[in-house]
Amino acid sequence: EINPRGKVASLLIPEELYLELIQKWGKRKLQQRLRFLLLKYRKYISLSQIPRKEKSRITYQDKDQNLIRVRIRPVERDWIELGIIAYSHGVSA
């Protein structure tokens, strides 16, 4: 059963993008915006080719990318959808 409130999860966001998002939305709005972004871009993601076919392994973040760890409590179905998108692109969720 999917928990509508969600569990605490971590996002790794490039520092430059993180600072821009915080300035635009504030720290507390990120989990709400995740849902907004998934809804907004779902059509484009579903219509595009999934590049996963040629990848046989999941890749992880390269070092020295200045990533900021952001803890959010996303709606569980959004987190699952984001994980599916990440997997289809061959990257870790």
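The modelled label-to-label distance between Arg71 and Ser88, using points 7 Å beyond Cα along the C-beta direction, is 3.1 nm. Note on Lys63 and Lys43: with the Förster distance fixed at 35 Å, the Cβ-Cβ geometry gives a FRET efficiency of about 0.50.
Taking label points 7 Å from Cα along the Cα-to-Cβ direction, Leu12 and Lys29 give a separation of 2.7 nm. Pop the C-beta distance of Glu20 and Ile80 into the FRET formula with R0 = 22 Å and round what comes out to the nearest 0.05. Calculated value: 0.25. The residues Ile84, Ile72, when put in order of fewest to most other Cβ atoms within 10 Å, stand as Ile84, Ile72.
Listing Trp79, Trp25 from the residue with the fewest other Cβ atoms within 10 Å to the one with the most, what is the order?
Values: Trp79 22, Trp25 13.
Ascending Cβ contact count within 10 Å gives the list Trp25, Trp79.
We did not get these values from a lab; they are worked out from the coordinates using the rules stated. These numbers come from a predicted model, not from an experiment. So basically every Cβ, Gly included, is an ideal-geometry build from the backbone, and we count neighbours across all protein chains shown.
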